[in-house]
Every structure is written in C-alpha cells, then in structure tokens.
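Here's the structure, in structure tokens; my notes come after.
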Amino acid sequence: MASCLPSTSPSSFSCSQKSSFRTGKNVSLLFSDAEKRYVSCFSSNKKLNFMDQILDYIEGGPKLRKWYGAPDILPKDGSISEDDASPEEDEVRDAVLVTDGDNEIGQMVILSLIVKRIRVKALVRDKRAAMEAFGTYVESVVGDVKDGSFLKKALRGVRAVICPNEGFLSSVESLKGVQHVVLLSQLSAYRGTSGLQAMINSTARKLAEQDETVVMASKIPYTIVRAGLLRNTPGGKQGFSFEEGSASQGSLSKEDAAFICVEALDAVPQRGIIFEVANGEENVVDWKECIAKLMEKGE
C-alpha cells in the first residue's frame, strides 16, 4: 500500500512507496519542510506560516488534545463503545469522516484536514497502525460499514464525509445526520478508457457508477469531484482545467485531488453539484471563489 509521506525531494510533498503506517512515525514526524511547501503552494493566506502551525500542534500537548476533542486513551482494537458518544439529539457535529484512511489519497486528505484544525475521523483496517501514524489527531475506527449499528456509531459527531475511493456509498444503508458528502470520482476517466485498460477498470467503474447514483438519490447535499486519471505527481505544480471532457481526457495529481476535496468541504450546495477537473492551464488563486463559481454553474 502506497502512502502519503514527505519525500527527500526539495520541491514537493510526494507519495512514497513505503507506508506511513508501517514506519511507526507519529503525525509530528510526518510534517516536514517538504509538506510545508506542499500546503503553502495552495494557500493564499500567509498570515501564519505552515511551520508555525505545526509547532503549535507539536508543542500543544494536553491543551491541544483537550481543544481537539481526542481522547487520551483510545481502544486498542478500534471498537466503538456505547459510552463513546452523547445521545444523538445532544451531539455536536463538527467532525469530518474520511471513509478510507488506509488509502493513499485518504491519508493525503487526512493530513490536509489536520492542518486546517478540523476534527477528523477515519475508517481504517488497522487501528494500531493508524494510531502510530496519526496519534490522537485522528479518531480511527474499525468495523464493517454494512453493519448499521457500527455505521451509526462511526457517524456520531460527523458533519461531512469525504470519500476518496469508490465503493463506500454503495455499501451503506444510511448516512443519517450527515450534512455534506464529498465524493472523489474517476467515473469520467474510467469511461474514457478502452480495450484492456477498460477491462481492468470495469469493477472500479461499476462501483463509481453505483456511488454516484446513491449519493445523487440521497437527500444529502453532495459534491462530486470527477477527476482525471489520478497520477503520482507533485501537487501545486500545475494549473487546472474544469471544462467538460477534461476528466475523461486528462490527468490529475493525487495531491491536487485530495486538496480539492478538502477545499470543497465548506462550499455546501443546496442539493448537489458535479464538476470535472484535471491539471491544465488555469491558475486558481482563490479556491473559495473558484468553487463558488463551479457551484453556480452546476446548480
């Protein structure tokens, strides 16, 4: 499993072939000068530099954990007990659930959320490995999403869901209480392939179609980011194209894809929007303005 780790490259935050979960490094070690360059290349607000933010995290200690809402001691088996949450009517929904915390792009999404000081929950397969990688910055949960009881507990306190990989939405029965779903979809890219590649992508394409159908049929506001073919290239180095057909013909950096999903979180549509994106020539200076225009066009 590839993972999102700082590389030795002086110019990018790239995807290492070695899993961050297997290194046993905690989240403070994942934040390097390389990641500072990765995040700052997207940011238009430079009032507080990225390294200062990370130092705040590292030095925050117990105060940060208290502010962040993460427990001092978490279950080793990843289970969620009945006592972990308040009654549903009293709960505060301030967390974002990443549906695949083991996925390469999922880990990129998680890191971007942590930098934004957003409370993060993540579905993972290995609770202990997730704890070693992210510490208490992420509330990692393990279980079968097809189990309604587990899913209900996993969604406690969750206001939005980011799906970085296909297959989640078509597997669950209900996302009750969720206010926004951001789905990273490669459906356009899959449809743009032919021959052997189309055969290889057939299962993923079917899942992507099912996910899009499910989220569009739901009553939850949704944002579907139809990305071009995802590639392991440095993020923030290229412009973008949001034109119709760009996703089926072009490609998109995985880092850029993760960043766009996080930026789309706060732009909640009344019903739902779908937009295509690939790396291209357009230089995006203000992402809030960019997504607002895409929403206006889409709705």
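Each value in this text was obtained by applying a stated rule to the coordinates, not by laboratory testing. Just so it is clear, the structure is predicted and the values come from calculations on it, not from any experiment. Here the Cβ is made from the backbone with ideal geometry for all residues, glycine too, and neighbour counts use every protein chain on show.
Some values worked out for this structure:
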quantity: In sequence order, calculated HN-Hα J values of region 227-232 (Karplus, 6.51, -1.76, 1.60; Hz; x Gly/Pro); calculated: 8, x, 4, 6, 10, 7
quantity: Sequence ranges 145-153, 113-121, ranked by mean other-Cβ count within 10 angstrom, highest first; calculated: 113-121, 145-153
quantity: Cβ-defined net charge surrounding ILE105, 12 Å radius [Lys, Arg +1; Asp, Glu -1]; calculated: -4
quantity: Lys, Arg +1 and Asp, Glu -1 on Cβ, resulting dipole of region 136-219 about Cα centre, debye, nearest 20; calculated: 220 debye
quantity: Fewest-first ranking of ARG125, ARG226, ARG271, using other Cβ atoms within 10 Å as the exposure measure; calculated: ARG271, ARG125, ARG226
quantity: SER149 paired with GLU281, simple spin-label distance in nm, labels 7 Å along Cα-to-beta-carbon; calculated: 5.9 nm
quantity: 5 angstrom amide H check on THR233, placed H, neighbours 5+ away; calculated: LYS254, GLU255
quantity: Calculated from backbone phi, Karplus (6.51, -1.76, 1.60) coupling profile of region 141-151 in Hz, x at Gly/Pro; calculated: 10, 10, x, 8, 5, 6, 7, x, 5, 5, 4
quantity: Full-extension gain in nm, GLU209 to ASN232, via 0.36 nm per residue minus C-alpha separation; calculated: 5.9 nm
quantity: Long-range HN-HN contacts of THR223 with modeled amide H, under 5 Å; calculated: VAL181, VAL182, LEU183, ILE273
quantity: GLN179 versus ILE200: modelled label distance in nm, points set 7 Å from Cα along the beta carbon direction; calculated: 4.2 nm
quantity: Proximal charge balance of VAL161 [Cβ under 15 Å; K/R count +1, D/E count -1]; calculated: +1
quantity: Phi-based couplings in Hz for region 186-192 (Karplus 6.51, -1.76, 1.60; Gly and Pro marked x); calculated: 9, 4, 5, 5, 5, 5, x
quantity: Mean Cβ count within 10 Å, highest first, over the residues of peptides 279-291, 161-173, 238-250; calculated: 161-173, 238-250, 279-291
